[in-house]
Amino acid sequence: MLDKIIGKAIAKMRLFGCVMVVSGMLVIPLAAHAGVAILQYHHIGDDTPRVTSVTAAELQQHLEYLLEHDFTVLDLSTISTMLAEGKALPPRAAAITIDDGWRNVYDNGKALFAKYQLPFTIFVNPKLMREAPHLYMSWEQLRELQQYGAVIANHSQSHEHMTRRLPGETEAQWQQRQLNEILAAQQDIDTALGSPQPRLFAYPYGEFDPTLQQLLEQHDFIAFGQHSGVWGPLTPTTAIPRFPAAGQYANLTTLATKLLSLPLPVLSAQPQSMIVAHEQLRPTITVNLANLEDFRSSQLNCFYAGEVLVPQWQQQSFSLTLPVDLPIGRSRVNCTVPSRSQAGRFYWYSQPLVRPDAQGSWPD
Ligand SMILES: [Zn+2]
């Protein structure tokens, strides 16, 4: 009976954004509101597109920063388990992810990974690895990086825009095609590495919709997007945000703010799918929060395409109306609000949006 009551209390406290520990019969609220900032990289080098690249020197600066500022760098499976079990996260927690498995990650990153021995995850596309082996790391190279802390995970077989339906494709056919993209890639990874690997999935281009999320959940994956924000106890496990850390975002001044940021306690948000209809030029965004305990609603700042949005509050929800029409393609709304209890730290929320053209397509 007591277990049941404590269980309920934990569930309730977790709902309200607190990470709990159970010590004997006591339920102790910790200095909660913590989360994990995940850094996202692609290329390591100085001869690849700047927007998706860090130089080895920049990556080294980032790793040094994490160590010098008392961050605990965790692997994604550990974080997932801690959050699912309601365990307290370290006050400063971070994770490192690298998408696509480019060859330059091995060539220019190996020495750093060997030196720092921090956990990191590489999301690969096995079909692309077969088709263009000169561009991507080999399985042998990936196995070598495993020795330095790498987890090898799933970025789909062929890196397509997964939410797009082909002309004439039924919903069932689309689902089967996407399931194959996910499960065949996982099979290839598990076979090449000799054992079942953690079921971690990064959406190509960070694009997903509720059906895709459901498919991944049904097959026991947790999944990562490319919208910024912090992974906290209320984050849907198939829409985990990451902070881009390449190009203009490699700058340590701005990156430090992101690394220290906290998960806004979001219970639900509208629109439910980041993929909006072509005709939807200015969708209203509504965000329903679990609590307003550690910040002042009046201090919430939201931005879209460099424009300030004015939140309309109704109890624990706020709504945003876009000041300009959505362009074709990906864009995002970002909101931050300072923490009252932790000076210098901000709660962060990002709502990704994709508006297709009339044919249902958009640029990479
Ligand atoms: Zn990718």
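A few remarks follow.
- Considering the conditions (1) open to solvent by 20 Å² or more (accessible area, probe 1.4 Å); (2) part of a loop (DSSP other than H, G, I, E, B); (3) more than 16 Å from the ligand (Cβ to nearest atom), residue 86 is excluded by exactly one of them, (1).
- Filtered residue count, the stretch 302-326, keeping only those that are touching a Phe, Trp or Tyr at 6+ places or on another chain (Cβ under 9 Å), assigned to a loop (DSSP other than H, G, I, E, B) and open to solvent by 10 Å² or more (accessible area, probe 1.4 Å): 3
- Take the conditions (1) open to solvent by less than 30 Å² (accessible area, probe 1.4 Å); (2) in contact (Cβ under 8 Å) with a residue 40 or more places away in the chain; (3) part of a helix (DSSP H, G or I); residue 113 misses just one of them, which is (2).
- The lone exception for residue 228 - which of (1) assigned to a helix (DSSP H, G or I); (2) among the small types (Gly, Ala, Ser); (3) under 27 Å from residue 64 (Cα atoms) it fails: (1)
- Within the set 163, 191, the sole residue that is more than 21 Å from residue 360 (Cβ to Cβ) and either surrounded by 14 or more Cβ atoms within 10 Å (Cβ to Cβ) or free of Cβ contacts under 8 Å to residues at least 12 places away in the same chain (or both) turns out to be 191.
- Filtered residues of the stretch 89-110 (kept if under 21 Å from residue 58 (Cβ atoms) and either surrounded by fewer than 17 Cβ atoms within 10 Å (Cβ to Cβ) or more than 16 Å from the ligand (Cβ to nearest atom) (or both)): 92, 94, 95, 106, 107, 108, 109, 110
- Counted residues, the stretch 182-205 - those being in a loop (DSSP other than H, G, I, E, B), more than 16 Å from the ligand (Cβ to nearest atom) and farther than 22 Å from residue 93 by Cα: 4
- Residues of the stretch 17-36 include none that is within 16 Å of the ligand (Cβ to nearest atom), modelled with pLDDT under 95 and not hydrophobic (A, V, I, L, M, F, W, C).
- Counted residues, the stretch 206-224 - those being in contact with a Lys or Arg (Cβ under 7 Å, 6 or more places away or on another chain) and either among the aromatic types (Phe, Trp, Tyr) or within 14 Å of the ligand (Cβ to nearest atom) (or both): 2
- In the stretch 236-271, residue farthest from residue 44 (Cα to Cα) [restricted to those that are crowded, with 19+ Cβ neighbours inside 10 Å and of a type in the set (Val, Ile, Thr)]: 266
- Scanning the stretch 272-293 for residues that are part of a loop (DSSP other than H, G, I, E, B), open to solvent by less than 30 Å² (accessible area, probe 1.4 Å) and more than 11 Å from residue 351 (Cα to Cα) yields 276, 283, 290, 291.
- Of all residues making up the stretch 131-152, the number that are open to solvent by 30 Å² or more (accessible area, probe 1.4 Å), aromatic (Phe, Trp, Tyr) and within 14 Å of the ligand (Cβ to nearest atom): 0
- Number of the condition not met by residue 351 [criteria: (1) at pLDDT 95 or above; (2) assigned to a loop (DSSP other than H, G, I, E, B); (3) of a type outside the set (A, V, I, L, M)]: (2)
- Here residue 55 meets the list (1) in contact with a strand residue (DSSP E or B) (Cβ under 8 Å, 6 or more places away or on another chain); (2) within 16 Å of the ligand (Cβ to nearest atom) almost entirely, failing just condition (2).
- Flag for residue 128 being within 16 Å of the ligand (Cβ to nearest atom) and either over 19 Å from residue 192 (Cβ atoms) or open to solvent by less than 60 Å² (accessible area, probe 1.4 Å) (or both): yes
- For the stretch 284-307, filtering for residues that are polar (S, T, N, Q) and free of Cβ contacts under 8 Å to residues at least 12 places away in the same chain leaves 1.
The values are calculated or read from the model by the stated rules, or taken from the named source; none is laboratory data. Remember, it's a predicted structure, so these values are computed and weren't measured experimentally. Backbone-built Cβ (ideal geometry, glycine too); neighbour counts: all protein chains shown. Accessible surface areas use protein heavy atoms only, side chains included; no ligands, DNA or RNA. Shrake-Rupley method; radii C 1.70, N 1.55, O 1.52, S 1.80 Å.
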